[in-house]
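Taking it in order: structure first as C-alpha cells, then the write-up.
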Number of protein chains: 2
Amino acid sequence: VKNIKIVIEYNGTGFSGWQSQKNGLTIQDIIEQSLLKITGENIRISGSGRTDAGVHAFGQVASFKTGSSIPPEKFAYALNQKLPEGIVIVGSEKVPEDFHARFSAKSKEYIYKIYNSKFPSAIYNNLLFQTPLNLNIDLMNRGCEHLIGVHDFKSFMSSGSNAESTVREVFYAACTKCENIITFTISGNGFLYNMVRIIVGTLIQMGNEKIDPDEMINIILSQDRELAAPTAPAHGLYLNKVTY
Amino acid sequence: VKNIKIVIEYNGTGFSGWQSQKNGLTIQDIIEQSLLKITGENIRISGSGRTDAGVHAFGQVASFKTGSSIPPEKFAYALNQKLPEGIVIVGSEKVPEDFHARFSAKSKEYIYKIYNSKFPSAIYNNLLFQTPLNLNIDLMNRGCEHLIGVHDFKSFMSSGSNAESTVREVFYAACTKCENIITFTISGNGFLYNMVRIIVGTLIQMGNEKIDPDEMINIILSQDRELAAPTAPAHGLYLNKVTY
C-alpha cells in the first residue's frame, strides 16, 4: 500500500465545491470515481480542506492510500484521461506513510481576483468578481497590513462554523493591480470558514472609502462578525497552493 | 439617423464565430437580435472583420446606423441587459456618418495565447492553446522579426480565400513569456484568412527547433502555403484591438 499525493487544478464553475456530498457533483466525488476506474479500488481521498461551490483552485492537494501498481507519478496522466473538463491533476507523487493532505499542511495561500470595471468580463466571467466601485488599492493595502500576524479572526468567520480555535497566523496579505484586475493574495497557517471572502468584502469597503483601513484593528479585536463587511462572492476565490 | 460604434468583448467558446449565418449562433446575429429588442429596428451591423468559431475578442468593433433616441453612450448598457453570458459591449459612441468598422480600420492587433504545459489548464481551458512541446521563446522571437514590414503573406493564408491582394504590412510581432504562458502579439494594417493562426503554427515549430527561425524569410518569399506549418487552433486567438 502506497500513500499518494496529488495536486489538483480546477475551475469551480458548475461543480458543487470540493467536499463529497450525496447527489452532489463535487470535485472530490469525481476524482474518487476516476480513481475507481483506473485502480478498481474504492478509494477515499483527503483534501487539504474544502472549497465552496464556485471557488477555483490552482493547487488543491489531496492524498490517498492505494494498492495499485500504477507508478506514483503516472496517476496524474491516468486520472486526466478520466476526468471531465475543468479538473486537471497537475502532479502526483509517492509520499511518506504519515503524510496527510489536511493535517500535514504547514500553510495555505489563497488569491482573490477582482475585476474593477463598469461591465462584467465576457472572457473571464466566472473567474473574477466584477465590481464597478471606485477602489483605491493603497487603502486596501493599508487594511492588509493589519491582518499580518497572529490574531483571533473570529470577526471573519461565517456563523454556523464550529472551529475549536479562531486564532490563526497570517504570513502575507497584499493587493496588486494590473490594468483593471486587482489580485489579493493571502497566506497563513490556516483559514476559518469564509475568512478570505469576508476579508475581501471588508477590503473592498476600505478601497471604496466606506471603512477606514485602520478600522481593521478594531474589527479584529471586536471578534464581531457584524463589524466586518458582507462576504465577497465565491467565484473570485482561488486556493493557490498548499505548503507542507 | 446616427452612426454608432460599439466595442465588443467576447468569449468565442460555444458561438459559431462572428459573421451572421443561417441557423448559426453567431455573435453578429445575437447582437442584432439584442438591437432589435432595444430599438425595435432591424439593424444590420458591420464588424471590423470576421472571427472564426472559438476565437475570442477583447476589442472587436462594429458600427451601425439607427434612428433610435437611445443616447449613443447608453447603447452599451442597454445591449448588455439583453446579451447572453460571454458577450459584453464595453463601449459605445456616436461616430461620423462615414465611419465604417471595417473600411475605416487603420490597424488591427491580435494576440495568441499558448499554454506551454504537460497538461491542459483546468481554469483557462478554452482560452489558451495547450502544448507540451519544448518551446524556446528566443527562437520564436527571431522568427517574428522577419514578419515585420510589408510582405506578400500568401504562404500564411488558408486556401479557399479570395483576397484581391495578399500583401500586408506587419507593424509589430513578438512573443513574451510569463510563467508557462507564451503570448504572441501581432499588429498590422490587415490580415489574411487564418494568417495569425498559420504564423503561430510556424512559430511553434521554430520554438521547438523543427524549423530554423531564419527560414521565415524563405517561407514568405515562396508564397507557398505548404512551406508554412499547420494552422494553430482557434481557441488561443484573440482579436485584441482595432485602431481607426
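The values are calculated or read from the model by the stated rules, or taken from the named source; none is laboratory data. The model shown is predicted, which means the values in this text are computed figures rather than measured ones. Methodologically, a virtual Cβ is constructed for each residue, glycine included, from the backbone with ideal geometry; neighbour enumeration extends over all protein chains shown. All accessible areas refer to the heavy atoms of the entire protein, side chains included, with ligands and DNA or RNA removed. Shrake-Rupley method; radii C 1.70, N 1.55, O 1.52, S 1.80 Å.
Here are some notes:
- For A:Phe103, solvent-accessible area (1.4 Å; no DNA, RNA or ligand), Å²: 150 Å²
- Karplus-derived 3J(HN,Hα) values for segment B:139-151, using 6.51 cos²θ - 1.76 cosθ + 1.60 with θ = phi - 60°, are 5, 4, 5, 5, x, 4, 4, 6, 7, 6, x, 8, 9 Hz; glycine and proline are entered as x.
- Segment A:Arg102-A:Ser159, extension gain: residue separation times 0.36 nm, minus the distance between their alpha carbons: 18.3 nm
- Global geometry of the protein assembly as shown, whether rounded, prolate or oblate, following the gyration tensor of its Cα atoms and the 1.5 cut on a/c: oblate
- In terms of its C-alpha gyration tensor, segment A:1-92 comes out prolate, because a/c is 1.5 or above and the ratio a/b outweighs b/c.
- Convex hull of chain B built on C-alpha atoms - directionally averaged projected area, nm²: 13.5 nm²
- Overall form of segment A:50-167 per C-alpha gyration tensor (a/c, 1.5; a/b vs b/c): oblate
- Carbon + sulfur, % of accessible area of segment A:17-134 - ligands and nucleic acids excluded, 1.4 Å: 46 percent
- Ordered from highest to lowest accessible area with the whole protein assembly present and a 1.4 Å probe, A:Phe171, B:Phe129 read as A:Phe171, B:Phe129.
- Residues in segment B:95-103 carry Karplus couplings, in order, of 10, x, 3, 8, 6, 9, 3, 8, 6 Hz; the curve used is 6.51 cos²θ - 1.76 cosθ + 1.60 with θ = phi - 60°, and Gly or Pro positions show x.
- Label zone at B:Asp152, where the point sits 7 Å out along the Cα-to-Cβ direction: segment B:211-242 residues whose backbone N lies under 12 Å: B:220-225
- A loss of 10 Å² or more of accessible area (1.4 Å probe, protein heavy atoms, ligands and nucleic acids excluded) relative to the isolated chain is seen in these residues of segment A:54-78: A:Phe58, A:Tyr77.
- Projecting the Cα atoms of A:Asn125, A:Tyr77, A:Thr243 onto the charge dipole of chain A, computed from C-beta unit charges around the Cα centre, puts A:Tyr77 farthest toward the positive end.
- Taking all protein chains together, B:Asp214, A:Asp138, A:Asp152 sort by accessible area into A:Asp138, B:Asp214, A:Asp152, largest first [probe 1.4 Å].
- Taking all protein chains as shown and a probe of 1.4 angstrom, B:Glu93 keeps an accessible surface of around 90 Å².
- Note on A:Glu73 and B:Gln81: with the Förster distance fixed at 35 Å, the Cβ-Cβ geometry gives a FRET efficiency of about 0.10.
- Accessible surface of segment B:145-202 [probe 1.4 Å, protein heavy atoms]: carbon and sulfur percent: 47 percent
- Around the Cα centre of chain A, unit charges on the Cβ atoms of Lys, Arg, Asp and Glu (plus for the first two, minus for the last two) sum to a dipole of about 720 debye.
- Protein-protein interface of segment A:84-124, residues with accessible area decrease of at least 40 Å², isolated chain reference, 1.4 Å probe: A:Glu85, A:Val88, A:Phe119, A:Ala122, A:Ile123, A:Tyr124
- Unsatisfied cross-links (Cα-Cα over 26 Å) in the set A:Lys94/B:Lys118; A:Lys37/A:Lys65; A:Lys177/B:Lys5: A:Lys177/B:Lys5
- Interface area, B with A, accessible, probe 1.4 Å, both sides summed, Å² nearest 100: 2000 Å²
- Residue-normalised accessible area of segment B:16-84, expressed per residue, 1.4 Å probe, Å²: 45 Å²
- Residue (of A:Phe64, A:Ser104, A:Cys178) at the positive-pole extreme of segment A:34-178, dipole from beta-carbon charges: A:Cys178
- Solvent accessible area, Å² - A:Arg44, 1.4 Å probe, full protein context: 150 Å²
- Cut-off under 5 Å, modelled amide H: who pairs with A:Phe15 long-range: A:Gly54
- 3J(HN,Hα) along segment A:152-159: 7, 9, 4, 4, 10, 10, 5, 5 Hz, from the Karplus curve 6.51 cos²θ - 1.76 cosθ + 1.60 with θ = phi - 60°, whole Hz, x for Gly and Pro.
- Unit charges on C-beta of K, R, D, E only; dipole of segment B:142-238, Debye: 240 debye
- Per-residue [θ]222 nm for chain A (sum of -39500 (n - 2.57) over DSSP H runs n ≥ 4, rounded to 500): -6000 deg cm²/dmol
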